[in-house]
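Nothing in this text is a laboratory measurement; each read-out follows from the coordinates by a stated rule. All values reported here derive from a predicted model rather than from experimental measurement. Glycine also receives a Cβ, built like all others from the backbone with ideal geometry; neighbour counts cover every protein chain displayed.
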Amino acid sequence: MTDAQLEHKSVLLDEVLGFLELESGSVVIDATLGLGGHSEAILQISDSTLVIGIDQDAKALLLSGRRLSTFGSRFRGVHSNFADIAQVAKDASLASVDAIIADLGVSSMQLDDASRGFSFRSDAPLDMRMDLASGRETAADLLATLDEEEIANLIYKYGEERKSRRVARLIVEAREKGQPVRTTGQLAELVEKAVGRARKDKIHPATRTFQALRIAVNDELGILHTFIQDSVDLLQLEGTLCIITFHSLEDRIVKQAFQKLSGKCFCPPRIPRCVCGAEKRVEILTRKPVLPTEAEMNGNPRSRSAKLRVCRKIAH
């Protein structure tokens, strides 16, 4: 990992700091620590700020710990999944915190590490696990065991790929010929064959399929519901929750979860009373998601799909 990568500015950093409005002595959980960019900026606000950083990627935890070592005991890194935020807080003897942030994107470090299998830029084992010690099935394992319909449904549901059935058919055909898809290069080539690619296309045709497999391997959408609920429970009154998403499925979950926590009922109109569990516990601070500026997008292409949503806790 180069110094330039470690010093790279985190997505929507200024916007996140503006919403947090932290005072001296604040306690913050960075639920997706990554390389520690957001945590570093928060720790620089006050000499008495404490940050707990969570990451399921052991390598990211090691590198961010090195970066934030100058802050001493004011930073603590924890190897865990952000869905376990309640247990992490309990283990740290924290009954409540002032703010929680989460950047749900795959880090540049993970994308650039070919061995992790997140990218189709180079040929590598099709892994895609955020936590290599998790014992989860790899993306290659899923493609080797799921049937054609299950693969198609997965790619359509999580990747919104319209030609998911054609992709699934070619994956299974390759498997039946004794050539199971085991590498990123194999999968990218197969998807491009199934989907097609015009010269004007800026996005690689395999992008949606790779996204779908990554989400499925790490159960990213399933754990997001738990994370949001537990985060609001953990916040102090007037505490702030900031979540940055990078694709529509995540953003939709965050938007609807915030709406429900702000008291919006999602029950059918003919039901006489609310049974969906909506209750007014937060105030939504972002009527529409906050997007990166043109300058940030030009300087960091990864930020182009980023959306920030923020809420403040107003009731227990």
For the stretch 275-283, just list the computed ³J(HN,Hα) in residue order, Karplus coefficients 6.51, -1.76 and 1.60, θ = phi - 60°, integers in Hz, with x standing in for Gly and Pro. 10, 8, x, 5, 8, 7, 10, 10, 10
Residues whose built amide H sits under 5 Å from the amide H of A124, excluding neighbours closer than 5 in sequence, are T184, G185
Quick one: Karplus J couplings for the stretch 301-316, per residue in order, coefficients 6.51, -1.76, 1.60, θ = phi - 60°, nearest Hz, x for Gly and Pro? x, 4, 7, 4, 9, 6, 9, 10, 10, 9, 9, 10, 6, 10, 7, 7
For the stretch 118-218, the Debye formula with one identical point scatterer on each Cα and no solvent gives log10 I(q)/I(0) at q = 0.18, 0.22 Å⁻¹ as -0.77, -1.17
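For the stretch 39-83, take the convex hull of the Cα atoms, compute a quarter of its surface area, and give me that in nm², please. Spell out each step's value before the answer.
Numbers: hull surface 11.9 nm².
Approximately 3.0 nm², given one-decimal rounding.
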For Cα pairs less than 8 Å apart in space and 6+ apart in sequence, what is the mean separation divided by the residue count of the chain, i.e. the relative contact order in percent? 16 percent
In a Gaussian network model over the chain where Cα atoms closer than 10 Å are linked, find which of P292, P301, P125 has the largest mean-square fluctuation. P301
Output needed for the chain: three equivalent-ellipsoid semi-axes, defined as square roots of 5 times the C-alpha gyration tensor eigenvalues, in descending order, whole Å. 34, 25, 18
Taking the stretch 189-244, which trypsin sites (Lys or Arg not before Pro) meet the DSSP loop condition and have no more than 13 other C-beta atoms within 10 Å? R197, R199, K200, K202
Against the longest alpha carbon principal axis of the chain, how many degrees, from 0 to 90 and to the nearest 10, is the axis of helix 220-234 turned? 0 degrees
When the chain is treated as a Gaussian network with springs between alpha carbons less than 10 Å apart, the largest mean-square fluctuation among A206, A102, A133 is found at A133
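Using the Kirkwood formula over every pair of different C-alpha atoms, what hydrodynamic radius in Å results for the stretch 71-148?
15.5 Å
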Across R252, R74, R273, the residue with the highest GNM fluctuation in the chain (Cα network, 10 Å cutoff) is R273
If I take every Cα pair under 8 Å that is 6 or more residues apart in the stretch 118-218, average their sequence separation and divide by the length, what percent do I get for the relative contact order? 38 percent
List T240, T293 from most exposed to least, where exposure is judged by having the fewest other Cβ atoms within 10 Å. T293, T240
Scalar couplings 3J(HN,Hα) for the stretch 18-34 by Karplus 6.51 cos²θ - 1.76 cosθ + 1.60 (θ = phi - 60°), nearest whole Hz, x for Gly and Pro, are x, 6, 5, 6, 6, 9, 4, x, 5, 10, 10, 10, 9, 6, 9, 4, x
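Which of rounded, prolate or oblate describes the stretch 205-279 when judged by the alpha-carbon gyration tensor and an a/c cut-off of 1.5?
oblate
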Out of all DSSP beta bridges with both ends in the chain, state the antiparallel percent to the nearest 5. 40 percent
For G53, list long-range residues whose amide hydrogen, built 1.01 Å from N in the peptide plane, is under 5 Å from its own amide hydrogen. D30, R76, G77, V78
Dipole of the chain (Lys/Arg Cβ +1, Asp/Glu Cβ -1, origin at the Cα centre): which of L170, T49, L94 lies farthest to the positive side? L170
For M130, what residues show an amide H to amide H distance below 5 Å, using hydrogens built from the backbone and excluding near sequence neighbours? none
